[in-house]
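Please treat every number below as a calculation from the coordinates, not as lab data. Since the model is a prediction, treat every value here as computed from it, not as a measurement. Neighbour counts are summed over all protein chains in view; Cβ atoms, including those assigned to glycine, are modelled from backbone coordinates with ideal geometry.
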Amino acid sequence: MRLAVSAAALSTALLAAGPAPAAEPWGIPGEKPMVLKGRVVDAICHLTGQCPRDCGAGRRQLGIAVAGGPFRLVAKGAVDFAGAVPDLIGYCGREIEADGLLIETPEIVLFFVQGVRSDASGPFAPADRFKAEWEARHGRAEEWWRADPEANRILAEDGPYGIRGLAPKPKP
C-alpha cells in the first residue's frame, strides 16, 4: 500500500512539474531532453540591446529567454545541419514551449529545438520548416546541404576548412 501511495505522489509531482519532454535523443555528449518555456528573442538584441524590429526578420540568431531563468541560445532545429530560425521567427516576442535537447558541456550551452507550441494544451509542431522553405526555393534534394547553391559557392571559394588553399591531405 505504501508503494502505491508513493507512486501516486511521484506521478502527481511529475505532472505538476510540466510537460515531459518527447525530444528524440541524438547521442550528443551533455544532451538532456527538456521543454523550455519562455519568450522568443533576437539573441543579439537580448545580449547587447541592438534590437531591430521583428527579431531581425529571420536574418539573426534567435533564443529563448526562459521565464525566471537563463537565456538559451537556440542553435539548431530538427533538420540536419539547419538552424531553427524558420521555426521560431513567427513567435518573435511571444511566449512558447520548445521541446528539444539542451546540450550542456563545460565549453558551451545550446538548445536544439525539435518541437514548438504557443498553446500549452496543443501538440508540438515539428521544428522542420527550414527544409520545406529550402525545397520551395531550390527543389527537392535528399541531402539539402550538398545541393545548396550558397554552400557550394562558399566551398568553391574558401575550401572545406573555410581557409583558401587549405585542403585535406590525400588518402594514401
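Brief remarks on what is shown
- Applying both filters, DSSP loop and at most 14 other Cβ atoms within 10 Å, to the trypsin sites (Lys or Arg not before Pro) of the range 69-103 gives Arg94.
- Gyration tensor verdict on the chain (Cα atoms; rounded if a/c is under 1.5, prolate if a/b is larger than b/c, oblate otherwise): prolate
- Given the chain, longest segment not containing exposed loop GluC sites (Glu not before Pro) (DSSP; at most 14 other Cβ within 10 Å): 1-106
- Residue order, fewest to most surrounding Cβ atoms within 10 angstrom, among Tyr161, Tyr91: Tyr161, Tyr91
- Given charges at Cβ of Lys, Arg, Asp, Glu: the chain dipole, positive-most of Ala75, Gln50, Trp144: Gln50
- Sorting Val109, Val40 from the fewest to the most surrounding beta carbons within 10 angstrom yields Val109, Val40.
- As a length-normalised measure over Cα pairs under 8 Å and 6 or more apart, the relative contact order of the chain settles at 18 percent.
- Taking Val116, Val85 and counting other C-beta atoms within 10 Å, the order from fewest to most: Val85, Val116
- DSSP beta bridges confined to the range 27-127 are antiparallel in about 90 percent of cases.
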